[in-house]
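The values are calculated or read from the model by the stated rules, or taken from the named source; none is laboratory data. As the structure is a prediction and not an experimental result, all values here were calculated from the model. FYI the Cβ positions are ideal-geometry reconstructions off the backbone, even for glycines, and counts take in every protein chain you see.
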Amino acid sequence: MNKKIALLVLLIAPSLYAKENRCGWLENPTPGNYWLTDKDGDWTISTQGKEGPTGMEYLVGFPSKEFINTNNSYGYGCGCILSEASKESKEITRIFNFKALPLRVCKTDPSL
């Protein structure tokens with residue numbers, strides 16, 4: 001019985017936290033708050049007062065013309081995050097890389 005449970009955990013765990021490239025709107029409306037909205041919905045990256053996932057330092061690099069400023073230096077842009085995420089809690093748990101995309105990519109994507 002224990003072997004069956006261990007096997008089940010090994011089969012399920014990678015699908016819960018698999019490395020994926022998620023592309024969509026990256027929002028940073030206020031200090032410490034980051035979300036990604038992609039074809040699968042809204043993903044929490046970090047919230048103010050809580051430590052963000054490993055790799056937060058990758059979330060930089062929007063060219064000024066590809067970033068919508070909504071609140072001083074805060075706002076949103078389009079990009080892809082190579083990350084691990086919990087599909088159950090819809091949280092990004094680790095970031096491996098980030099690539100900014102032109103705004104038109106997200107604006108013209110019907111799944112967003």
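Below, the figures for the structure above:
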{"read-out": "Qualifying residue in the stretch 15-28 (condition: surrounded by fewer than 17 Cβ atoms within 10 Å (Cβ to Cβ), touching a Leu at 6+ places or on another chain (Cβ under 7 Å) and at pLDDT below 95)", "value": "yes"}
{"read-out": "Sole exception among (1) free of Cβ contacts under 8 Å to residues at least 24 places away in the same chain; (2) loosely packed, with under 13 Cβ neighbours inside 10 Å; (3) assigned to a loop (DSSP other than H, G, I, E, B) for Gly52, by number", "value": "(2)"}
{"read-out": "Scope the stretch 69-112; condition touching a helix residue (DSSP H, G or I) at 6+ places or on another chain (Cβ under 7 Å), part of a strand (DSSP E or B) and surrounded by fewer than 14 Cβ atoms within 10 Å (Cβ to Cβ); matching residues", "value": "Ser86, Asn97"}
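Listed here are the residues, each with its yes/no results for (1) under 12 Å from the mean Cα position of the chain (by Cα); (2) under 18 Å from Gly52 (Cα atoms); (3) in contact (Cβ under 8 Å) with a residue 60 or more places away in the chain.
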| site | (1), (2), (3) |
| --- | --- |
| Lys65 | no, no, no |
| Asn69 | no, no, no |
| Gly77 | no, no, no |
| Ser83 | yes, yes, yes |
| Lys87 | yes, yes, yes |
| Thr93 | yes, yes, yes |
| Asn97 | yes, yes, no |
| Leu101 | no, no, yes |
| Cys106 | no, no, yes |
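Condition check ((1) closer than 11 Å to Leu26 by Cα; (2) touching a Leu at 6+ places or on another chain (Cβ under 6 Å)) across all residues:
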| position | (1), (2) |
| --- | --- |
| Gly61 | no, no |
| Glu66 | no, yes |
| Cys78 | yes, yes |
| Glu88 | no, no |
